[in-house]
Amino acid sequence: DVVEIRKDGKSEEFNLELTIPTEDIDEDDEYILYIKAYEDGEEDNNCVEDSLGIDIQRAKDSVDIKSIILLPSTAKCGETVEASVDVENLGTKDQDEITIRLLESTLKLDQITDPFDLEDYSSNDNDAVKRFTFEIPADAAEKSYSIEAIVTYKDGDKTNSQFAALKIEGC
């Protein structure tokens, strides 16, 4: 990010917010933030830079929905749709008793998986794909629907959700 400082001021404070992709963080790695200040167009002659070591820690409890795939993504009334929901444990703690719920009230869709476990982010057993099948009602309106997948973890205390579009036509 570039922050402009007024010419009449000698210093200016600002907050910098960084979004760091959790899946790329290894707590054992060293991270450094580089800061550079210079007059526009005079970087070679008038430049100050500094660096600051930062400590980035993963959340203990963090389960994310990586994707929701609906097949077919455009369906007809009475047709069966398969949903695949891919979840990943990005946290430092193993997660037990995780569930995934698939919802869309207009289509009367409300399904939930049996509880399952995921190991912490550094394990090979930190992700899972769960599959759902459901039938489009015969009286469904022809339009686009938002299918919601909700993952519940940390003994039911935390949730994360994501939506996928399902188009109904040709009924």
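Just so it is clear, none of the values below were taken in a lab; they were calculated from the coordinates. For clarity, every value in this text was computed on a predicted model and none was experimentally measured. Using ideal geometry, Cβ is built from the backbone for each residue, glycine included, and neighbour counts are taken over all protein chains shown.
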| query | Between S123 and N160, what length comes free when the chain is fully extended (0.36 nm per residue of separation minus the Cα-Cα distance, one decimal in nm)? | reply | 11.2 nm
| query | Just one of (1) 72, 38, 24; (2) 64, 46, 33; (3) 89, 25, 19 is Cα extents along the principal axes in Å calculated from these coordinates, so which is it? | reply | (1)
| query | Using the beta-carbon distance between S146 and N45 and R0 = 45 Å, what value does 1/(1 + (r/R0)^6) give for FRET efficiency, to the nearest 0.05? | reply | 0.25
| request: May I ask which of K108/K167; K60/K108; K108/K154 have a Cα-Cα span longer than 24 Å here? | output: K60/K108; K108/K154
| said: Just to confirm a number: summing +1 for Lys and Arg and -1 for Asp and Glu over residues other than I112 whose beta-carbon lies under 11 angstrom from that of I112, what do you get? | reply: 0
| query | How many nm separate the modelled label positions at D29 and E82, each set 7 Å beyond the Cα in the direction of the Cβ? | reply | 3.5
